[in-house]
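Enquirer: Encoded as structure tokens, here's the structure I'll be asking about.
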Amino acid sequence: MKIHKYDTVIVGAGGAGMRAAIEATKRSRTAVLTKLYPTRSHTGAAQGGMAAALANVEEDNWEWHTFDTVKGGDYLVDQDAAEILAKEAIDSVLDLEKMGLPFNRTPNGTIDQRRFGGHSRNHGEAPVRRSCYAADRTGHMILQTLYQNCVKEGVEFFNEFYVLDQLITETDGIKRSAGVVAYELATGEIHIFQAKSVIYASGGCGKFFKVTSNAHTLTGDGQAAVYRRGIPLEDMEFFQFHPTGIWRMGILLTEGARGEGGILRNKDGERFMEKYAPVMKDLASRDVVSRSIYTEIREGRGCGPEGDHVYLDLTHLPPEQLDAKLPDITEFARTYLGIEPYTDPIPIQPTAHYAMGGIPTNVQGEVLADNTTVVPGLYAAGEVACVSVHGANRLGTNSLLDINVFGKRAGIAAAEYAQSADFVELPENPESFVAEQIERLRTSTGNERVAQLRRELQETMDANVMVFRTEQTIKTAVEKIAELRERYKNVAIQDKGKRFNTDLLEAIELGNLLDLAEVMAVSALARKESRGGHYREDYPNRDDVNFMRHTMAYREVGADGTETVRLDYKPVVQTRYQPMERKY
Amino acid sequence: MATPVLDKDAAGAPGPSSAESPYITVTFRVRRFNPEVSAEATWEDFQFEIDPKERVLDGLHKIKWDLDGTLTFRRSCAHGICGSDAMRINGKNRLACKTLIKDINPEKPITIEPIKGLTVLKDLVVDMEPFFQAYRDVMPFLITKDTNEPTRERLQSAEDRERFDDTTKCILCAACTTSCPVFWNDGQYFGPAAIVNAHRFIFDSRDEAGEQRLEILNDRDGVWRCRTTFNCTDACPRGIEVTKAIAEVKRALITRRY
Ligand SMILES: Cc1cc2nc3c(=O)[nH]c(=O)nc-3n(C[C@H](O)[C@H](O)[C@H](O)COP(=O)(O)OP(=O)(O)OC[C@H]3O[C@@H](n4cnc5c(N)ncnc54)[C@H](O)[C@@H]3O)c2cc1C
Ligand code: SF4
Ligand code: FES
């Protein structure tokens, strides 16, 4: 075991982690721990763009952007945070340009902008061009640009280090962050990082679904690590299902495809979104489009022999436009489906995409231990966090924005805190939880296998807590997850070695997914209304009287060691906008 | 070597079901190495059933998840954008997640080896550090000399933006560098990926450190080592014209115009 001491430790090197690192490194001695090489992070998969009311191509302003964000989130958004997001968007895009990001350009050389779902002029009048983009690889360019600037600033990375535990020490009745425990993939060694500030930027947890746009490595390690230590998770029932994943594979085809004029069609060739969203049509917000697709499928208008998908039609767009604006996604269709998008429509289905919920923070990125109390020295930003700017449903292009705005804020706040704070004493035997977990898995002689449990988990999640949910389906999921958690105790691995033991890490990642799946299902069961990404067929309307509030889920351990999820609620911050019915 | 086979029902893997099953039987012949077990690398055959429209990466997962958990490789995104899983598949560098089994002659055993020229650490995992060091050595970040930052964005025409578009696509997968015979013979050579990333800045109209980067590449281990074998261009999963980019850097070194 090795012990390291840093002012600031950042967990994760995606967009949020590296944006934070650029700020924190200038102000404090900083280490970035990441399970992947920084440029492998899933921010690189983002395609469509990053929202900011630059008004480079048409009239726009941050107030309209705030409104769209609040409405898109079905009014569960904290409006103070949304206002910061929309206001600071402009500088955060300009920051990236100055760092070197090669945005597409307008004829007069400024950053070009395009339409995206849910973004409108003047409070819903018509779609607006607000998304700044670099072809359909905006996330790739953001990730590369941030890494390049980390190289420039000399940021210190610990690559292929898996953070598996959060260290908390209680002094004067206050829970404080003392550091983290990490496992080094190359050697199997355990490292303790004592730090004045810790920032979680470890991304999402979409891998508990089967059809997903998320990478294999998005297993919610950060959320699980803090949850196990008594920190609540906020709004975990809200998960976004993106309308256009490649049929059966889940690989994302950006909404930018519809922003460029692509149309969704059912088996009769009908442009069905006209029925569900007369104004915004194919560019209505994602939850609305995903439900419309499944409604078409359920009512027998799906395509293919099994009627289980619809088409994304780009055939009316000029090939030059597809080559210039959507080169990567058209190549995905060719590579993975053998389809030529110039001439043939692409089979698609909704795909599990984005966790709106996560570790609760305030607008400085400080993590909350309950509805109001901050955990000194603990921060979170990016998809792992819940500020909450996305509420019940995130608008496209608002996450690349979120990771930049709140990544930067968390980086500054954490480093400034570290400048004035002292190290918190480490708990006794800080490595014990991780050491025991590893030892148990390495020596287990049980008969359960990781891949089998993961498959069963993904199947139950897809079947029961996806686009449509009912009391019955969610209960089925809750029971199944409980069974899987029980069986997980008997999981065994085949690789007993120390070197690059990815067999072991997949087992640990599955444990995290199971914890988070339980939180999600239990939170969903209690929310007896429909709002944004959470749609209950048995409660199809939004219920502002009883449910205009954030869910806060806590892990409770009984005297006999049984674990349960305890739910509490937190008020939504409302400033300018009164809840209205959401129409597109 | 015999393939360890688990009881299929116990593994519960989706298997062939109906008569007109799309599944075929394939053999993956994988180069294995684990210094914790033996100092020697060996070949191991795995035979299993799979839909040939699936990716080589899906096949590797089938092995790891249902047959032999010790098989070790890197991967993340599974659709060709993170650069984790470059490997030598039937003798050619490719991304396992971007190669469909049906496209690589599955009637014969499919050979899978780690990329060449970097130290193998375990099975298909190599030490990427020298590769990233060469990348960092070309100063892969925008350098400008202006003392006052502009308040708005810097302007760039669409034509100037187009000039370096191709080389911005790089995902640092190392398929090019590890397909290069010059790199195999001498690991000191910067390699095509580092040159591609230098190109991305040299030809960016906003950048003002082109001269410095060119000097770095003028080094003994720089662009002049390139023999124009085109292996790199063939290997690049992003379709970057790597050899062309290297040629443009060579030309810029001669004319000092870029
Ligand atoms: C296909 C796709 C397309 C998208 N397109 C858009 C778009 O066009 N516009 C938009 O706004 N949003 C888009 N999104 C959403 C957005 O890209 C993500 O939400 C965002 O990039 C997340 O960034 P992040 O920094 O929070 O996490 P990530 O980029 O996922 O990074 C997570 C980091 O944490 C590290 N990590 C994880 N676990 C551990 C651990 N245990 N120990 C140490 N390190 C760890 C990883 O190594 C990684 O570096 C898209 C998402 C997907 C999947
Ligand atoms: S140039 Fe192509 S092959 Fe080389 S590292 Fe970049 S993406 Fe990979
Ligand atoms: S797994 Fe990301 S490129 Fe293959």
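Enquirer: Can you list residues from other chains, or at least 5 along the same chain, whose modelled amide H is less than 5 Å from the amide H of B:I110?
Expert: Here the answer is B:T27, B:F28, B:R29, since their amide H atoms fall under 5 Å of that of B:I110.
Enquirer: Sticking with this one: If ligands, DNA and RNA are left out, what is the accessible area of B:T177 with a 1.4 Å probe, given in Å² to the nearest 10?
Expert: 0 Å²
Enquirer: Once you have the alpha carbon radius of gyration of segment B:24-126, what is it after dividing by 2.2 N^0.38 Å, with N set to its residue count?
Expert: Working it through for segment B:24-126, the quotient is 0.99.
Enquirer: Using unit Cβ charges (K, R positive; D, E negative) and no other charged atoms, how large, in debye to the nearest 20, is the dipole of segment B:24-126 about its Cα centre? Provide the component values of the computation, followed by the final result.
Expert: Values: 17 positive and 15 negative charges, 95 e Å.
Rounded to the nearest 20 debye, it is 460 debye.
Enquirer: Using Cα-only point scatterers and the Debye equation, what is log10 of I(q)/I(0) for segment A:241-351 at each q in 0.17, 0.19, 0.22 Å⁻¹, rounded to two decimals?
Expert: With one equal scatterer per Cα and no solvent, log10 I(q)/I(0) is -0.72, -0.91, -1.25.
Enquirer: Net charge near A:G497, counting Lys/Arg +1 and Asp/Glu -1 over other residues with Cβ under 10 Å of its Cβ? Show your work: numbers first, answer last.
Expert: On the way: positive: A:R442, A:K496, A:K498, A:R499, B:K122; negative: A:D495, A:D503, B:E36.
Charge balance in the 10 Å sphere: +2.
Enquirer: What do the square roots of 5 times the Cα gyration tensor eigenvalues come to for segment A:382-465, in whole Å, largest first, as semi-axes of the equivalent ellipsoid? Mind dumping the intermediate values first?
Expert: Working: eigenvalues 232, 165, 15 Å².
Here the semi-axes work out to 34, 29, 9 Å.
Enquirer: Moving on to the next point. Do any GluC sites (Glu not before Pro) in segment B:201-258 lie in a DSSP loop with no more than 16 other beta carbon atoms within 10 Å, and if so, which?
Expert: Those that pass, being in a loop and sparsely packed, are B:E208, B:E241.
Enquirer: For segment B:27-110, which trypsin sites (Lys or Arg not before Pro) are both in a DSSP coil and crowded by at most 16 other Cβ atoms within 10 Å? Show your work: numbers first, answer last.
Expert: Numbers: sites: B:R29, B:R31, B:R32, B:K53, B:R55, B:K62, B:K64, B:R74, B:R75, B:R88, B:K92, B:R94, B:K98, B:K102; in loops: B:K53, B:R74, B:R75.
Those that pass, being in a loop and sparsely packed, are B:K53.
Enquirer: Let me ask something else about it. Net charge near A:G261, counting Lys/Arg +1 and Asp/Glu -1 over other residues with Cβ under 15 Å of its Cβ?
Expert: On the way: positive: A:R114, A:R115, A:R129, A:R258, A:R265, A:R271, A:K281, A:K325; negative: A:D136, A:E255, A:E260, A:E274, A:D282, A:D313, A:E320, A:D323.
Summing Lys and Arg as +1 and Asp and Glu as -1 gives 0.
Enquirer: Still on this structure: Net charge near A:T66: determine it from the other residues with C-beta under 13 Å of the C-beta of A:T66, scoring Lys and Arg +1 and Asp and Glu -1.
Expert: -3
Enquirer: Further question on the same structure: If you count only protein heavy atoms and use a 1.4 Å probe, how large is the accessible surface of A:K5, to the nearest 10 Å²?
Expert: A:K5 exposes around 110 Å² with every protein chain in place.
Enquirer: So how tilted is helix A:79-99 from the main axis of chain A? Cα-based, degrees 0 to 90, rounded to 10.
Expert: Value to nearest ten degrees: 90.
Enquirer: Counting only residues 5 or more places away or on other chains, whose amide H sits under 5 Å from the amide H of A:F158 once H atoms are built in the peptide plane?
Expert: A:V32, A:L33, A:T34
Enquirer: What fraction of the DSSP beta bridges in segment A:309-424 is antiparallel, stated in percent and rounded to the nearest 5? Show your work: numbers first, answer last.
Expert: Numbers: 6 of 8 bridges.
Once the DSSP bridges in segment A:309-424 are tallied, antiparallel ones form about 75 percent.
Enquirer: In whole angstrom, how far apart do the alpha carbon centroids of segment A:194-257 and segment B:141-178 sit?
Expert: 30 Å
Enquirer: Taking a probe of 1.4 angstrom, what is the accessible area of A:E274 in Å², to the nearest 10?
Expert: 90 Å²
Enquirer: Hey, another quick one. Pairing the Cα long axis of helix B:242-255 with the longest principal axis of chain B, what angle in degrees results, from 0 to 90 and rounded to the nearest 10?
Expert: 20 degrees
Enquirer: Also: Return, for the Cα atoms of segment A:191-231, the radius of gyration and Dmax in Å, separated by a comma.
Expert: Spelled out, the Cα radius of gyration and Dmax of segment A:191-231 are 12.6, 39 Å.
Enquirer: Something else now. Just for chain A, what percent of DSSP beta bridges are antiparallel, to the closest 5?
Expert: On the way: 54 of 79 bridges.
The answer is about 70 percent antiparallel.
Enquirer: Got a sec? What order do A:D538, B:D165 fall in by accessible area at 1.4 Å, biggest, i.e. largest, first?
Expert: On the way: A:D538 60, B:D165 30 Å².
Sorted descending by solvent-accessible area, the residues read A:D538, B:D165.
Enquirer: Let me ask another. How long is the protein assembly as shown along each principal axis, judged by its Cα atoms, biggest number first, in Å?
Expert: 72, 66, 65
Enquirer: Starting from the Cα of A:K71, draw a straight line to each of the lysines and keep only those under 17 Å, dropping any in the same chain fewer than 8 residues away.
Expert: A:K87, A:K281, A:K583
Enquirer: So what's the back-of-envelope 222 nm ellipticity for chain B, counting only DSSP H runs of four-plus at -39500 (n - 2.57) apiece and dividing by all residues, rounded to 500? Kindly include the intermediate steps, with their values, before the conclusion.
Expert: Numbers: 9 runs with 69 residues, N = 258.
Roughly -7000 deg cm²/dmol at 222 nm, from the helical runs in chain B.
Enquirer: Which log10 I(q)/I(0) values, to two decimals, does segment A:205-275 give at q = 0.13, 0.15, 0.16, 0.22 Å⁻¹ under the Debye formula with one point per Cα?
Expert: Reported log10 I(q)/I(0), two decimals: -0.56, -0.68, -0.74, -1.04.
Enquirer: Also, quick follow-up: Using only DSSP helix segments of four residues or longer, with each worth -39500 (n - 2.57), what per-residue ellipticity at 222 nm results for chain A after dividing by its residue count and rounding to 500? Let's see the in-between values first.
Expert: Details: 16 runs with 200 residues, N = 584.
Estimated from H runs of four or more residues: -10500 deg cm²/dmol.
Enquirer: While we're here: What lysines sit close enough to A:K570 to cross-link, taking a C-alpha to C-alpha distance under 17 Å and skipping anything fewer than 8 places away on the same chain?
Expert: The reachable lysines, counting only those whose Cα sits under 17 Å from A:K570, are A:K528.
Enquirer: Expressed as an acute angle from 0 to 90° and rounded to the nearest 10, what is the orientation of the C-alpha long axis of helix A:15-27 relative to the principal long axis of chain A?
Expert: 50 degrees
The values are calculated or read from the model by the stated rules, or taken from the named source; none is laboratory data. Only a predicted model underlies this, so the values are computations on that prediction, with no experimental measurement involved. Because the Cβ atoms are built from the backbone with ideal geometry, glycine has one as well, and the counts that use them run over all protein chains shown. All accessible areas refer to the heavy atoms of the entire protein, side chains included, with ligands and DNA or RNA removed. Shrake-Rupley method; radii C 1.70, N 1.55, O 1.52, S 1.80 Å.
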